[in-house]
Amino acid sequence: GIRDRHVTGVQTCALPISMIKTVPMKRVIIIGDETVESRLVNEIHDLGATGYTFYLVHGRGAMGILPRHGEPGNAKIEVICTAELAEQILEHVSQNYFEKYAMIAFVDEVQVIRPEKFSPHTHKSKP
């Protein structure tokens, strides 16, 4: 990008957004018990993810308002990745977490500008 000389500190892009090349990828979103966050993100990394974003969240759903007083909080984990890795993550979460934890997971489409930042890493550990 270039600096706009008329507005201090604003970063602008030299190309209109419609001309920037984007690549379609998947965003996996997992929401559930925060007590499994550390283990789950390590497993997601072992499957090939290069990174994740973690939030503490609360909300209302089929089980009412969560977390309730005295219960562990909820976590939201987002991973941007290839379609193949998204499938692997969803399969792993459904097989290892859904029966034991209040947890949901879903996928949506995203458009990324720097796809190399989200491609699976090459040093996978065996799960």
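Some notes on this structure:
- Remark: accessible surface ordering of I29, I104 (largest first) is I104, I29, probe radius 1.4 Å.
- Amide H contacts of V112: V23, M25, each under 5 Å away and 5 or more positions distant or on a separate chain (H built 1.01 Å from N in the peptide plane; Pro and chain starts excluded).
- Electrostatic bookkeeping for E91 treats Lys and Arg as +1 and Asp and Glu as -1; over the other residues with beta carbon under 12 Å from its beta carbon, the sum is -3.
- Whichever aspartates and glutamates have a C-alpha closer than 20 Å to that of K117, once near sequence neighbours (fewer than 8 apart) are set aside: E43, D46, E78, E84, E87, D108, E109
The values are calculated or read from the model by the stated rules, or taken from the named source; none is laboratory data. This one's a predicted model, so the numbers in the text were calculated from it and none came from an experiment. Cβ: placed from backbone, ideal geometry, glycine included. Neighbour counts: every protein chain shown. The protein model used for the area step is the full one, side chains on, heavy atoms only, and it has no ligands, DNA or RNA in it. Shrake-Rupley method; radii C 1.70, N 1.55, O 1.52, S 1.80 Å.
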